[in-house]
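One structure is given here, and the rest of the page talks about it.
Throughout, read-outs are computed from the coordinates displayed, never taken from laboratory work. Just so it is clear, the model here is predicted, and its values are computed rather than measured. Note: ideal-geometry Cβ built from the backbone for every residue, glycine included; neighbour counts use all protein chains shown.
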């Protein structure tokens with residue numbers, strides 16, 4: 001890998017693998033958490049993640065490539081961390097820890113899509129640039145939703161519904 | 001792990017391990033990159049990271065605990081990803097990819113310190129709250145520096161010094 005274009009394609013394959021891995025992990029997380037709002041947020045994010053996979057397939061197509069994934073060690077580690085929490089935590093600690101781990105995953109995705117979008121612009125891949133921008137905006141919105149849930153969940157004296 | 005306090009201590013041990021792992025990895029990254037500004041940024045960040053380790057030790061002390069780490073799977077994965085780039089990429093692709101990986105690491109740390117700082121506040125750990133806030137601000141500043149370097153490095157027609 002020597003050029004910006006090669007780095008771009010490599011990172012695209014990485015995030016495609018990462019989104020697929022996330023879509024497989026989310027149902028288990030949703031099942032484990034006790035808070036109803038949190039469960040709904042993870043179910044919504046699963047739908048969004050499946051949408052991101054379809055959008056990434058359009059990005060590959062816009063470059064004249066077939067969608068393909070390459071193992072993303074970072075997402076693998078982030079999901080391993082989340083999986084460990086499902087085993088080690090329960091009750092309130094589980095809910096707040098899982099929100100924290102989900103925010104770490106969102107932040108990772110925001111960093112990667114921010115980089116990919118700017119690389120696409122520099123490379124003149126206009127369609128890819130626009131598509132990656134829409135995913136980036138959704139990841140930022142998902143992180144904002146998690147922050148609101150974190151504030152609510154961290155304080156058990158608040159208005160938690162469950 | 002059942003309570004917010006247990007989740008807080010667990011995540012503190014995680015990030016202490018993560019900062020120590022990062023401080024061991026940064027010299028290799030600095031040595032590998034070609035861009036002089038980028039090398040200087042990684043050297044500066046190593047100093048900052050060592051400072052964060054000392055600050056985290058003060059956080060542990062403020063809680064009446066000895067500093068101890070627990071393997072952080074997420075940082076392990078993020079560093080494995082960066083290490084893979086050092087092996088697979090060269091030249092321009094190496095510089096831009098390494099900046100991207102470093103931003104992913106910064107975003108991870110920003111997410112974790114943001115969570116830890118808010119948990120400290122909720123738990124009434126005022127000194128820990130203040131100390132974690134100073135690290136969070138430095139991580140945000142480090143990410144902003146990396147963004148500026150990314151913009152400069154991605155465009156080889158720009159004013160790169162090397």
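The calculated 222 nm mean residue ellipticity attributable to helices in chain B amounts to -29500 deg cm²/dmol, summing -39500 (n - 2.57) over DSSP H runs of n ≥ 4 and dividing by all residues. The mean count of C-beta atoms from other chains within 10 Å of the C-beta of residues in B:111-118, rounded to a whole number, is 5. Taken residue by residue and averaged, Cβ atoms of other chains lying within 10 Å of the Cβ of B:72-84 number 6.
In terms of its alpha-carbon gyration tensor, the protein assembly as shown comes out oblate; a/c meets the 1.5 threshold, while b/c is at least as large as a/b.
Taking 7 Å steps out from each Cα toward its Cβ at residue B:148 and residue B:67 produces label points 2.8 nm apart. For chain A, the longest principal axis of the alpha carbon atoms and the long axis of helix A:73-88 meet at an angle near 10°. Starting from the Cα gyration tensor of the stretch A:1-85, take the square roots of the eigenvalues, sort them a ≥ b ≥ c, and report rounded, prolate or oblate (rounded when a/c is under 1.5, otherwise prolate if a/b is larger than b/c, else oblate). It is oblate, given that a/c is not under 1.5 and a/b is not larger than b/c.
Against chain B, whose longest principal axis is taken from its Cα atoms, helix B:91-123 shows a tilt of about 10°.
Across the identical copies, the 7 Å label point of residue B:58, projected outward along Cα→Cβ, sits 4.9 nm from its counterparts, in ascending order. Applying 1/(1 + (r/R0)^6) with r as the Cβ-Cβ distance of residue A:87 and residue A:40 and R0 = 25 angstrom yields a FRET efficiency of 0.60. Of interest is the spacing of the C-alpha centroids, which for the stretch A:25-72 and the stretch B:11-64 amounts to 31 Å.
Extension gain for residue B:57 to residue B:28 (0.36 nm times residue separation, less C-alpha to C-alpha distance): 8.0 nm. Taking the axis that rotates chain B onto chain A, the chain B residue nearest to it by Cβ, with the distance rounded to whole Å, is B:77, 1. Take every pair of alpha-carbon atoms less than 8 Å apart whose residues are at least six positions apart; their mean separation over the length of chain A yields a relative contact order of 29 percent. Taking Cα atoms only, the orientation of helix A:36-62 departs from the longest principal axis of chain A by about 0 degrees. Stokes-Einstein diffusion coefficient for the stretch A:4-153 at 10 °C in a medium of 1.306 mPa s, Rh from the Kirkwood formula over Cα pairs: what value in µm²/s? Once the numbers are plugged in, D ends up at 101 µm²/s.
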